[in-house]
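Any read-out appearing in this document is the output of simple, stated calculations on the displayed coordinates, not a laboratory observation. Note that the structure is a prediction, hence the values are computed from the model and not measured. Don't worry about glycine lacking a Cβ; one is built from the backbone with ideal geometry, like all the others, and counts go over all protein chains shown.
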Amino acid sequence: MKALLIIDLQRDFVDPGGVLYYEGAEKVVDYIVSLAERFKEDNLPIITTQDWHDEDDREFEVWPKHCVAGSDGARLTEKLEKALDGYENHYSVKKTRFSAFYKTDFDELIKDLGIDEFEVVGVVTNICVMFTVEEIRNRDIPVKVHEKGVSSYDEDLHRFAIRQMREVLGAEVI
C-alpha cells in the first residue's frame, strides 16, 4: 500500500516567526496540503513526522531551541492541521533526530499498515527529508520525492540532497 509521508511541516520551520523559519519555507505548504487531500480522497495512509525535543536536548548545542515537545512551535502548521483533523488514516511519528526511524516506532507502523511505497514531502530537504528517505531506501521501499513539496534554507544543499536522493539512494524525484 502507498502512503504519503509529510516530514516536519511544523510551525517552527514553515511559519513566519518560527524559531527555524527561513524565507520561502511556507511555499511548500499549499502543495503538500493539496497532496494530502488527494490521499484522503483515496483513503490512503498519511504519516506526519514532527521534531519533538526535550527542553535540554543536546541538539540545541548545534541548532537554536526549536520544536520543544508540546510547544506551539512543535505543532503542525495550521493549514495541515486543519486538513488532517479527524482523518482516521493519519498517523504521527514524534522524533528527536533527523531520521524518522531513530528511536521511534516508525518501522513497526510501516509493517502494521503494510506500506510498500512512499511519496515524500516536507522540510528540510537536505536534513530530515534526506536522512529519512535514506532509511526508507535501506529497507528497499520505493520512494517518490515531490520536488515541489520539499524545501531548504540553502538552495545549494537542496539541489545536492535532491541529487543524492535520486542518484545515490534511488528515489524517484517527481
Original post:
Which pairs do you get when a residue that is on the phi > 0 side of the Ramachandran plot, found in the stretch 109-132, comes within reach of a residue that is crowded, with 19+ Cβ neighbours inside 10 Å and assigned to a loop (DSSP other than H, G, I, E, B), reach meaning Cβ atoms under 8 angstrom, with the pair 6+ apart or on two chains?
Top reply: GLY122/ASP8; GLY122/LEU9
Original post:
In the stretch 97-127, what residues are in contact with a helix residue (DSSP H, G or I) (Cβ under 9 Å, 6 or more places away or on another chain), more than 13 Å from VAL145 (Cα to Cα) and among the hydrophobic types (A, V, I, L, M, F, W, C)?
Top reply: PHE98, ALA100, PHE101, PHE106, ILE110, ILE115, ILE127
**OP:** From the list GLU88, GLU55, GLU37, pick out the single residue that is out of contact with any strand residue (DSSP E or B) (no Cβ under 8 Å at 6 or more places or on another chain), at negative phi and either without any contact (Cβ under 8 Å) to a residue 24 or more places away in the chain or part of a loop (DSSP other than H, G, I, E, B) (or both).
**Re:** GLU88
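A quick yes/no check of all residues on (1) charged (D, E, K, R); (2) surrounded by 17 or more Cβ atoms within 10 Å (Cβ to Cβ):
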residue: SER71; (1), (2): no, yes
residue: LYS103; (1), (2): yes, no
residue: LEU109; (1), (2): no, yes
residue: GLU135; (1), (2): yes, yes
residue: VAL143; (1), (2): no, yes
Subject >> Unique match (being assigned to a helix (DSSP H, G or I), within 26 Å of GLY18 (Cβ to Cβ) and more than 15 Å from the chain's Cα centre (by Cα)) among ASP112, ASP156, ASP107 >> reply: ASP156
Original post:
Is it fair to say ILE127 is in contact with a Phe, Trp or Tyr (Cβ under 7 Å, 6 or more places away or on another chain), aliphatic (A, V, I, L, M), surrounded by 21 or more Cβ atoms within 10 Å (Cβ to Cβ) and assigned to a helix (DSSP H, G or I)?
Top reply: no
